[in-house]
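Accompanying notes for the structure given below.
The values are calculated or read from the model by the stated rules, or taken from the named source; none is laboratory data. These numbers were taken from a predicted model, which means no experiment stands behind them. Because the Cβ atoms are built from the backbone with ideal geometry, glycine has one as well, and the counts that use them run over all protein chains shown. Just so you know, the surface numbers come from the protein's heavy atoms only, side chains and all, with ligands and any DNA or RNA stripped out. Shrake-Rupley method; radii C 1.70, N 1.55, O 1.52, S 1.80 Å.
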2 protein chains.
Amino acid sequence: MRVASLFFALSLLVAAPAQSAQPTRIDATAIAQAGTVRDVALRDATAWKVLESLTTEVGPRLAGSPADARAVAWAQAKFRELGYDRVWTEPVTFPRWVRRSETLDVLGAHAQPLRVGALGGSPGGTVEGEVVRFADLAALQAAPEGSLAGKIVFVDYTMQARRDGGDYRNAGGIRWAGPSVAIKKGAIGFLMRSAGTSLSREPHTGNTGFEPGLTPIPAAALATIDAAQLARLVALGPTRVRLALDCGYDGEATSYNVIGEITGSTRPDEIILLGGHLDSWDYGTGAIDDAAGVAITMATGALLKPLHPARSIRVVAFANEEQGLWGGRAYAQQHADEVARHVIAIESDFGAAPIFGFDSSARDLQPQALAQIQQVLAPLGIEWLPKQGDPESDIGGMVDLGTAWAWLGHDGTRYFDLHHTADDTLDKVIPQELAQNVAAYAAFTWLAAQAEGGFGSDARAKGERGE
Amino acid sequence: MRVASLFFALSLLVAAPAQSAQPTRIDATAIAQAGTVRDVALRDATAWKVLESLTTEVGPRLAGSPADARAVAWAQAKFRELGYDRVWTEPVTFPRWVRRSETLDVLGAHAQPLRVGALGGSPGGTVEGEVVRFADLAALQAAPEGSLAGKIVFVDYTMQARRDGGDYRNAGGIRWAGPSVAIKKGAIGFLMRSAGTSLSREPHTGNTGFEPGLTPIPAAALATIDAAQLARLVALGPTRVRLALDCGYDGEATSYNVIGEITGSTRPDEIILLGGHLDSWDYGTGAIDDAAGVAITMATGALLKPLHPARSIRVVAFANEEQGLWGGRAYAQQHADEVARHVIAIESDFGAAPIFGFDSSARDLQPQALAQIQQVLAPLGIEWLPKQGDPESDIGGMVDLGTAWAWLGHDGTRYFDLHHTADDTLDKVIPQELAQNVAAYAAFTWLAAQAEGGFGSDARAKGERGE
């Protein structure tokens, strides 16, 4: 371990001066072209048509389902229709999780059904018991060991809407860690207020997990409205419920990362990597999560192809992001020896609201080139926000191996009204906002494809994630 | 028939001069008290507490269900808790309709589930066929006889939001008449875009009916979002679906009109009749339809009791409004010989948004008294809107027999976002708006209870409904 660390430190010393000695340059022609690309993209309907096509013709596409297989065929056909030079697939294998039914019934004097959604990864089963409400994860963690024997835990944390979606860390954290904490204290079932800001009756699903050695229990999220109802009932007195989930893991499935590439005109072996994910949860048609990302990046390549970009533009529609980043991890495994060829990576997986911020791992290595990119993005209302960005999830595998990343941050204030619920449908995307997204991606991608010099991708440097 | 008509015409001639010769008077003390009542009601939380109690403790309460029986017990207890002098029930018997499950699946290349809700009164059954879309009822009516043999009709009319909710006539009309038209042209199933303005995934239910002699077919409403999806799919090419409803009539049920009365101090035999309906559809907790009406009218009586109103204030929580005005019709039958004792009737069954308008059947008979009432309502932002009001549905039976009515019209612009859907829940009511509603009802009721002279209730005059 020490030898490796020493080698790593030395490699940084070697790499850093090389970067600063040779600043990446973007010439005036490329900048002018990027401005034109940006303005054309604002009036282009390609992304909208792709979004409408995927959400309508395929609809919900849970990873490993028949609809997921249809989505893979759809993506291959759509890349070809859009004129991509190369289209191929790479297999991704994962455990298949299926949802059949889910009910929650209040029993006794106030008998009534409440709306609930199984968490991804939950086992099926029917449990009946008294509800014990906790305001947040810390309160659950503070419950004495064994105090929840035979009980059904209800963590009633209300997620706050923020532009950066930052409170999803807390609410999503309950979804991830809550069930295991509940099991260790004796609970037979786990309920939580949806990790979202929706005020509809639609529960928010999403993956959970169970610590090794624990016997999983049925785990589900109440719609926010229904969580408020359960909280009122619990305040009235002891409240018994029956949670019945028919869901669970069912063997293995193989899906595919679907990849389209516009071959670079002068540097075909150097890749600008764009991506979104093709799978969705099963409740909605996955319009904002993440048909929009697929549409934005597919349209970007299509818009730039006639201009013959110097580097290759590779767009990946990743498989099964939702249940554990399976597609992103498979891509990184498959392309681990091509880190330096991936000049920079960027993914759109945060909806289709206006992009407000730009950041990159190259902020210290290539400030001049980033300033040039920022100059082209500014007319779109996009600010340079150093250290506020992160690589999105599917490109994280390549970033961990050393690939440079960029971030174009969508306004997330209303993202969690829709995310992972039945309300994630086509009508929620505003065509002009989607066009702004494409304008940003197309301008950025053009500049990255034309720049002289790279952005710091280096297998020896490993990845620097955002703050 | 001719003899009866002549008698009716003569009775009007006799009644009218008597009314105009003795204008109804409201004295200055009563007007001052009404202003105080109005202002106190704006700061009173009684209605909110009643609303929260019914929607939380009982929840959804489909007529004839166990929850409906719990609602009846709740209403009796609540009237007593609020200090009503007399509390009693009157039985109401009707066919019981039950909903168990409902699914709609697009088949074939674009296979996906769509959200659908059985219409009240629909039979169960599973049908599979090609969808034929019509823009509205007229287009369906224009389809050639027999042209829909084996098909599933889809009437895709988009209801418009209006303050008076007036477009519900068109959209609700499709729900009522559409299935029978479809049957006569050979259709095996009936689908419609929800008769509502919601943009959630929640379908809008509500009663339908079938003309005598026709064999009923499964009939359901798509959520508006899902109707738009089906329209896009139909535009792509022939679209087959499978509609599977498990619902239908199941014997008879008896529920109850629950009645609470504040006994009048000087004219106990004269009644100001207030009402809302106790039952709800099964998807939501019936907060705006019509726990709000029950809460507004229950709170009105409770607020006025300490002031010892001259006339009796009778509040009726009507049974089974939703499936055919069963409670209102039973009340009229039971009290048919007491029309003149019912000095004036008013019902709240249009949500809890601010009341903006006032009208009454007494507009020509008692303009002076109505002007005095209007003067007290004006500070609440309520306009006198002659001939724009209607009696609400449950008091219609008494109105048809000759009882005078008043109308306090709620703003209905957003009412049909929630009406008859799962989104009709407590959180949608704004406490200050509910208090404005109570202030209007309490002020009006006080003035009606104290007025010298009546408002034209007369069994010989029969009822005058609104324009």
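Values for this structure:
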| item | result |
| --- | --- |
| Pair list, Cβ < 8 Å and 6+ apart or interchain, from region A:60-87 residues that are closer than 10 Å to A:Val258 by Cα to residues that are among the basic types (Lys, Arg) | A:Ala71/A:Arg61; A:Val87/A:Arg80 |
| Test: residue in region B:117-131 that is in contact with a strand residue (DSSP E or B) (Cβ under 9 Å, 6 or more places away or on another chain), within 14 Å of chain A (Cβ to nearest Cβ) and either crowded, with 20+ Cβ neighbours inside 10 Å or assigned to a strand (DSSP E or B) (or both) | yes |
| Among the candidates B:Gln450, B:Gln432, residue that is touching a helix residue (DSSP H, G or I) at 6+ places or on another chain (Cβ under 9 Å) and at pLDDT 95 or above | B:Gln450 |
| Inter-residue pairs, beta-carbon under 7 Å, first more than 23 Å from B:Leu325 (Cα to Cα) and in region B:207-225, second among the acidic types (Asp, Glu), 6+ apart | B:Ala223/B:Glu202; B:Ile225/A:Asp427 |
| Leading residue by the ranking (most open to solvent (accessible area, probe 1.4 Å)) among those in region A:171-194 that are closer than 21 Å to A:Leu148 by Cβ and assigned to a loop (DSSP other than H, G, I, E, B) | A:Ile188 |
| Selection from region A:295-342 of residues that are open to solvent by 30 Å² or more (accessible area, probe 1.4 Å), over 16 Å from A:Thr403 (Cα atoms) and either touching an Asp or Glu at 6+ places or on another chain (Cβ under 7 Å) or in a helix (DSSP H, G or I) (or both) | A:Leu303, A:Lys305, A:Pro306, A:Leu307, A:Leu325, A:Trp326 |
| Residue check for B:Ala111: within 14 Å of chain A (Cβ to nearest Cβ), open to solvent by 30 Å² or more (accessible area, probe 1.4 Å) and touching a Pro at 6+ places or on another chain (Cβ under 8 Å) | yes |
| Test: residue in region A:418-436 that is aliphatic (A, V, I, L, M) and over 18 Å from the mean Cα position of the chain (by Cα) | yes |
| Condition met for B:Thr197 (in a loop (DSSP other than H, G, I, E, B), out of contact with any His (no Cβ under 7 Å at 6 or more places or on another chain), more than 14 Å from chain A (Cβ to nearest Cβ) and of a type outside the set (Gly, Ala, Ser)) | no |
| Residue that is farthest from the other protein chains (Cβ to nearest Cβ), among those in region A:204-219 that are open to solvent by less than 10 Å² (accessible area, probe 1.4 Å) and under 21 Å from the mean Cα position of the chain (by Cα) | A:Thr208 |
| Residue ID - least open to solvent (accessible area, probe 1.4 Å), chosen from residues in region B:66-103 that are within 14 Å of another protein chain (Cβ to nearest Cβ) and touching a helix residue (DSSP H, G or I) at 6+ places or on another chain (Cβ under 8 Å) | B:Ala71 |
| Filter result for A:Thr56 (out of contact with any strand residue (DSSP E or B) (no Cβ under 7 Å at 6 or more places or on another chain), over 24 Å from A:Gly324 (Cβ atoms) and within 12 Å of chain B (Cβ to nearest Cβ)) | yes |
| Flag if B:Trp97 is within 30 Å of the chain's Cα centre (by Cα) and farther than 30 Å from B:Arg193 by Cα | no |
| Scope region A:343-354; condition charged (D, E, K, R) and not in a loop (DSSP other than H, G, I, E, B); matching residues | A:Glu347 |
| Sole exception among (1) surrounded by 24 or more Cβ atoms within 10 Å (Cβ to Cβ); (2) free of Cβ contacts under 8 Å to residues at least 60 places away in the same chain for B:Ser348, by number | (2) |
| Flag if A:Ala45 is without any contact (Cβ under 8 Å) to a residue 60 or more places away in the chain and surrounded by fewer than 18 Cβ atoms within 10 Å (Cβ to Cβ) | no |
| Cross-chain or 6+ apart pairs with Cβ under 7 Å, region B:228-245 first and of a type outside the set (Lys, Arg), then part of a loop (DSSP other than H, G, I, E, B) | B:Ala231/B:Asp156; B:Leu233/B:Thr239; B:Val241/B:Leu107; B:Leu243/B:Pro218; B:Leu245/B:Ser122; B:Leu245/B:Gly124; B:Leu245/B:Pro218 |
| Region A:229-248, subset open to solvent by 30 Å² or more (accessible area, probe 1.4 Å) and within 13 Å of chain B (Cβ to nearest Cβ), residue farthest from the chain's Cα centre (by Cα) | A:Leu236 |
| Single condition A:Ser200 does not satisfy, out of (1) within 20 Å of A:Arg133 (Cα to Cα); (2) of a type in the set (Gly, Ala, Ser); (3) open to solvent by 10 Å² or more (accessible area, probe 1.4 Å) | (1) |
| Only one of A:Thr93, A:Thr46, A:Thr55 that is more than 23 Å from B:Ala231 (Cα to Cα) and of a type outside the set (Phe, Trp, Tyr) | A:Thr93 |
